[in-house]
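S.K.: Quick one: the structure is below, and I'll ask about it shortly.
The values are calculated or read from the model by the stated rules, or taken from the named source; none is laboratory data. Everything quoted here is computed from the prediction, not taken from an experiment. Heads up, the Cβs are rebuilt from the backbone with ideal geometry, glycines too, and the neighbour counts pull from every protein chain shown.
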Amino acid sequence: MAHSTLHSTTFLSFSSSSSSSSPPFLFQQHFNRKPFYFLSPKLTFPTLNPLKMQQSSRVSSVQDAVGGAMAIVQSSPATWQSALISNVLIFVLGSPILVTGLSLSGIVAAFLLGSLTWRAFGPSGFLLVATYFIIGTAATKVKMEQKIEQGVAEKRRGRRGPGSVIGSSAAGCICALLTIFGVGGGAFSQLWRLGFVASFCTKLSDTVASEIGKAYGKTTYLVTTFKVVPRGTEGAVSVEGTLAGILASVVLAFVSFLLGEVGSHEVIICILASQFANLGESIIGAALQEKEGFRWLNNDAVNIINISMGSIIAVLMQQALQSWHS
């Protein structure tokens, strides 16, 4: 009876027992049976690792920072803070592409343009400008070696500087500022957006027409006299380049429609406005550029005139259409 009682007691009871006949046996029995008390310390009293806690805290901080940044980026309407953060991230990730088409100072100018565009028109406006840049850069690189040999290639192998960036985006920047400051109220907000899209459709059409014409144009004509002239002559056009330019404006206008920047009928307006503006730019180039008294009329100045015409023509066409319907 005593043995049975001792055999069923816990190790804690055994340790206080004074019996001398069976302690070794009892210790062996309890040790071999591994009562819960022997397995429980790790479960009951977990050991805390300071290093793991510190690492976990750092991970949590990074996750909070990323989450906060994403919340700012996705803010609607766009803010200056979201515009700057978004452009920093995009420019860092896209730097391999940027350096192929822009000089260092050109990248700085493009960053300012991207921030302004994001603030005014949000991610969709930024994507439109990015599409313009990618297509325009690709067209510039077409048959680059041939263009260099013929002396008609863009400077620095097509890597644009700040003057080119400003000359290509001046009208779009004005439309963006008009949108940010709410000039004209809600009634004019879509007009400024239309002018913004039309300006980049115009510039892309002009760039692609020029670069493809230099690369593949079999015969180039001076737009004012239709006299055959060498490739690269100011104001010269080719069938191949003209068709490529029209296609480029169609593509960018359609992209702007998919992004929700313009409506279906405004796509047609952008395409027509870009072609009217490019015709005007070719006439100016043929008649005035590099002529005595117009030395100031360099490529960047002509670009500003070109995209301004495209933007203004689009706005006027939209206004005329609205008046006609009313």
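S.K.: Among the candidates ALA187, ALA139, ALA153, single out the residue that is within 27 Å of GLN275 (Cβ to Cβ) and either free of Cβ contacts under 8 Å to residues at least 24 places away in the same chain or not in a helix (DSSP H, G or I) (or both).
M.R.: ALA153
S.K.: Still on this structure, I have one more. Would you be able to say whether some residue in region 77-94 is assigned by TED's automatic domain parsing to the domain that holds PHE254, modelled with pLDDT of 90 or more and under 22 Å from PHE254 (Cβ atoms)?
M.R.: no
S.K.: Now for a separate question. Residue by residue through region 205-231, note down the ones that are part of a loop (DSSP other than H, G, I, E, B), buried (at least 18 other Cβ atoms within 10 Å of the Cβ) and charged (D, E, K, R).
M.R.: ARG231
S.K.: Here is a follow-up. One residue is enough: does region 200-216 have a residue meeting the conditions basic (Lys, Arg), in the same structural domain as ALA320 (by TED's automatic domain parsing) and out of contact with any strand residue (DSSP E or B) (no Cβ under 6 Å at 6 or more places or on another chain)?
M.R.: The first filter runs over region 200-216 and keeps only residues basic (Lys, Arg), leaving 203, 214.
Now drop any that are not in the same structural domain as ALA320 (by TED's automatic domain parsing), which leaves 203, 214.
From what is left, the residues that are out of contact with any strand residue (DSSP E or B) (no Cβ under 6 Å at 6 or more places or on another chain) are 203, 214.
Yes.
S.K.: Would you point out the residue of region 98-136, among those that are part of a helix (DSSP H, G or I) and hydroxyl-bearing (Ser, Thr, Tyr), that is modelled with the lowest pLDDT?
M.R.: Here the residue is THR100.
S.K.: Only one of VAL262, VAL255, VAL267 is surrounded by 17 or more Cβ atoms within 10 Å (Cβ to Cβ), free of Cβ contacts under 8 Å to residues at least 24 places away in the same chain and not small (Gly, Ala, Ser). Can you tell me which? It would help to see each step written out before you state the result.
M.R.: Numbers: VAL262 fails: free of Cβ contacts under 8 Å to residues at least 24 places away in the same chain; VAL255 fails: free of Cβ contacts under 8 Å to residues at least 24 places away in the same chain.
Step by step, each of VAL262, VAL255, VAL267 is checked, and only VAL267 is surrounded by 17 or more Cβ atoms within 10 Å (Cβ to Cβ), free of Cβ contacts under 8 Å to residues at least 24 places away in the same chain and not small (Gly, Ala, Ser).
S.K.: Taking the options GLY186, GLY235, GLY182, name whichever one is over 20 Å from the mean Cα position of the chain (by Cα) and under 26 Å from LYS141 (Cβ atoms).
M.R.: GLY235
S.K.: Give all pairs with beta carbons closer than 7 Å in which a residue from region 95-112 that is not assigned by TED's automatic domain parsing to the domain that holds PRO162 and among the polar types (S, T, N, Q) meets a residue that is modelled with pLDDT of 90 or more and buried (at least 19 other Cβ atoms within 10 Å of the Cβ); count only pairs at least 6 apart in sequence or on separate chains.
M.R.: From region 95-112, no pairs qualify.
S.K.: Can I ask one more? List the residue pairs whose Cβ atoms are under 8 Å apart, where the first residue sits in region 167-180 and is of a type in the set (S, T, N, Q), the second is surrounded by fewer than 19 Cβ atoms within 10 Å (Cβ to Cβ), and the two are 6 or more positions apart or on different chains.
M.R.: Taking only residues 6 or more apart or on different chains, the pairs are THR179/SER189.
S.K.: Another one. I need a count of the residues in region 281-314 that are in a helix (DSSP H, G or I), of a type in the set (Gly, Ala, Ser) and either modelled with pLDDT under 95 or surrounded by fewer than 16 Cβ atoms within 10 Å (Cβ to Cβ) (or both).
M.R.: Residues meeting the conditions: 5.
S.K.: Only residues in region 299-311 that are assigned by TED's automatic domain parsing to the domain that holds GLU266 count as the first member; pair them with residues that are among the hydroxyl-bearing types (Ser, Thr, Tyr), Cβ under 6 angstrom, at least 6 apart or cross-chain, and list the lot.
M.R.: Final answer for the pair search is ASN303/SER168; ILE307/SER199; ILE307/THR202; GLY310/SER199; GLY310/THR202; GLY310/SER274; SER311/SER199.
S.K.: Continuing with the same structure: Being in contact with a strand residue (DSSP E or B) (Cβ under 6 Å, 6 or more places away or on another chain) and of a type outside the set (Val, Ile, Thr): is that true of GLY241 here?
M.R.: no
A quick yes/no check of all residues on (1) in contact (Cβ under 8 Å) with a residue 40 or more places away in the chain; (2) of a type in the set (A, V, I, L, M, F, W, C):
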{"site": "GLY285", "(1), (2)": "yes, no"}
{"site": "PHE294", "(1), (2)": "no, yes"}
{"site": "LEU297", "(1), (2)": "no, yes"}
{"site": "LEU316", "(1), (2)": "no, yes"}
{"site": "LEU321", "(1), (2)": "yes, yes"}
